[in-house]
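Accompanying notes for the structure given below.
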Amino acid sequence: MQARRMCSLSRRLVELLGDADGYAISMTLSVLTNMLENEYIVISSTTAPKLAEALLPLFDNDDSHVQLLSIDLFFKVMDLVVDEGIKPLKRIVSQSLLPLLFHCHDENRNVAESSREMLICVTRFLKKRKLKQLVKKEKMLKFGKCLLAEDRSRAAEHLRRALPYLYSPQEPLREAAVRFIAIQASKNDAGPFCSNRKIQAHFAQRAEELGSSSGSSETVSQEQHQ
């Protein structure tokens, strides 16, 4: 009975996570977190994916407090989902790999550390042992290479998801995105990346903008652009 009440109430709270007001989002995250502290609460197979999906965009929120709350709640969703909800939840959880990878470079130390810890939990949940070991050893560039190698069929999807980070106000996140995209761009058999001219052109243009604005040594070479 309590689980059903949780399901009904959380459905309304999930809608509030899309609110543009930062205070409303923060309060909603706190309420949801407190609800899940109850030892008898479980998350249904229908609620878990919806809640996880609503939390994903908040990893990139401008408010670091919201970021930390959303990451913590994301862990609770994975931990408390009922057994039959694990499989549908994995599809959403796999979408968190790239945002968490980039936020391991976040300028806010707390966000960076929480992202790294969460990345370990996510790779464990997805049973990606090799990726988990790379995070533990803090080999983030190899993590990106391994992610693309293990999931070649979704390479273009990963790259599209990386593009917004080229416009991040944080230089470390921009550089992390450039490095990740360059991994695929520099391969001779780039496959889905080369077939998507829009992604390729967008990356080349943004990489040049970053190079001219920051003069960073992390920008990709002309050979990689081609």
**Report entry** Rounded if a/c under 1.5, otherwise prolate or oblate - segment 76-130, Cα gyration tensor axes
**Finding:** prolate
Query raised in the report: With a sphere of radius 15 Å drawn around the Cβ of Tyr23, what net charge do the other residues whose Cβ falls strictly inside it have (Lys, Arg +1; Asp, Glu -1)?
Result: -4
Report task. Mind giving me the FRET efficiency for Arg109 and Glu84? R0 is 35 Å, r the Cβ-Cβ distance, nearest 0.05 is fine. Result -> 0.35
Query - Residues in segment 12-39 that a label on Asp63 would reach, taking backbone N under 15 Å of a point 7 Å out along Cα→Cβ - result: 16-33
**Report entry** Total formal charge among the other residues, if their Cβ is under 12 angstrom from that of Leu56, Lys/Arg +1 and Asp/Glu -1
**Finding:** +1
Query raised in the report: Hey, what's the Kirkwood Rh for segment 76-194 if you take every pair of different alpha carbons, in angstrom?
Result: 14.8
Report task. Could you give the C-alpha radius of gyration of segment 12-113 expressed as a fraction of 2.2 N^0.38 Å, taking N as the number of residues it contains? Result -> 1.03
Requested in this report: Quick one: which residues, 5 or more positions from Val81 or on another chain, have an amide H under 5 Å from its amide H? H modelled 1.01 Å from N in the peptide plane, none for Pro or chain starts.
Outcome: Ile43
Query raised in the report: Structure shown: which of Lys76/Lys145; Lys76/Lys136; Lys76/Lys142; Lys50/Lys136; Lys87/Lys142 lie over 25 Å apart, alpha-carbon to alpha-carbon?
Result: Lys76/Lys145; Lys76/Lys142; Lys50/Lys136; Lys87/Lys142
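Every number here is computed from the coordinates shown, using simple stated rules; none is lab data. These numbers come from a predicted model, not from an experiment. Methodologically, a virtual Cβ is constructed for each residue, glycine included, from the backbone with ideal geometry; neighbour enumeration extends over all protein chains shown.
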